[in-house]
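**Student:** To start, I am sharing the structure in question, which I have written as structure tokens.
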Amino acid sequence: MIYSEKVMEHFANPRNVGEIPDADGIGEVGNAKCGDIMKMYIKVNDGVITDVKFKTFGCGAAVATSSMATELIKGKPIEEAMKLTNKAVVEALDGLPTVKLHCSVLAEQAIHAALSDYYTRQGIDPKPILGEVAPPDTCEI
Ligand code: FES
């Protein structure tokens, strides 16, 4: 299995690892098949994601995609973060081996879950905005 240099680099030096104690939204998603778990914390100010941190108990591809995903949404308006797809994350990492593509779905789902939590805390129903948070995908390992 060949990983791109960017994937290896983000795996070796993941960005934005940790927790935000006073987060405005927290999303936790898990992969039923491989048991990997991802937790995402966001801080929102004036509709902009001012900070984001994650913790991943998972494979290297999950760590690298979370790292890249946090980089892509940090400092962005929530509307933009909402539209981030796992495909865009994979492209930003110069690709992932096909059997690891499903790992990248965790990051997208964790962001959506954190945004959903953020809206709920604001007293806003997240469903019309985000749609149903998709159930965790399965990993092909
Ligand atoms: Fe479970 Fe990658 S996220 S193997």
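**Student:** Going through region 21-43 one residue at a time, which ones are within 16 Å of the ligand (Cβ to nearest atom), buried (at least 17 other Cβ atoms within 10 Å of the Cβ) and within 15 Å of the chain's Cα centre (by Cα)?
**Tutor:** Result: G27, V29, G30, N31, D36, I37, M38, K39, M40.
**Student:** Inspect region 97-105 for any residue being farther than 17 Å from E9 by Cα, within 16 Å of the ligand (Cβ to nearest atom) and either under 10 Å from the mean Cα position of the chain (by Cα) or not in a helix (DSSP H, G or I) (or both) and give the result as yes or no.
**Tutor:** Looking for residues that are farther than 17 Å from E9 by Cα, within 16 Å of the ligand (Cβ to nearest atom) and either under 10 Å from the mean Cα position of the chain (by Cα) or not in a helix (DSSP H, G or I) (or both), one finds at least one in region 97-105, hence yes.
**Student:** Tally up the residues in region 11-40 that are among the basic types (K, R) and without any contact (Cβ under 8 Å) to a residue 24 or more places away in the chain, please. Before the answer, list the steps.
**Tutor:** Quick first cut of region 11-40, residues among the basic types (K, R) only: 15, 33, 39.
Remaining after also requiring without any contact (Cβ under 8 Å) to a residue 24 or more places away in the chain: none.
Selection size over region 11-40: 0.
**Student:** If you take the residues of region 32-63 that are under 19 Å from V89 (Cα atoms) and of a type in the set (G, A, S), which of them is modelled with the lowest pLDDT?
**Tutor:** Only one residue tops the list, namely G58.
**Student:** While we're here: Output yes when any residue across region 56-78 is open to solvent by 70 Å² or more (accessible area, probe 1.4 Å), farther than 14 Å from E28 by Cα, assigned to a helix (DSSP H, G or I) and of a type in the set (V, I, T), and no when none is.
**Tutor:** no
The values are calculated or read from the model by the stated rules, or taken from the named source; none is laboratory data. The structure presented is a predicted model; accordingly, all values stated were derived computationally and were not measured. Cβ sites come from the backbone with ideal geometry, for glycine too, and all protein chains shown count toward neighbours. Quick note on the areas: whole protein, heavy atoms, side chains included, nothing else; ligands and nucleic acids left out. Shrake-Rupley method; radii C 1.70, N 1.55, O 1.52, S 1.80 Å.
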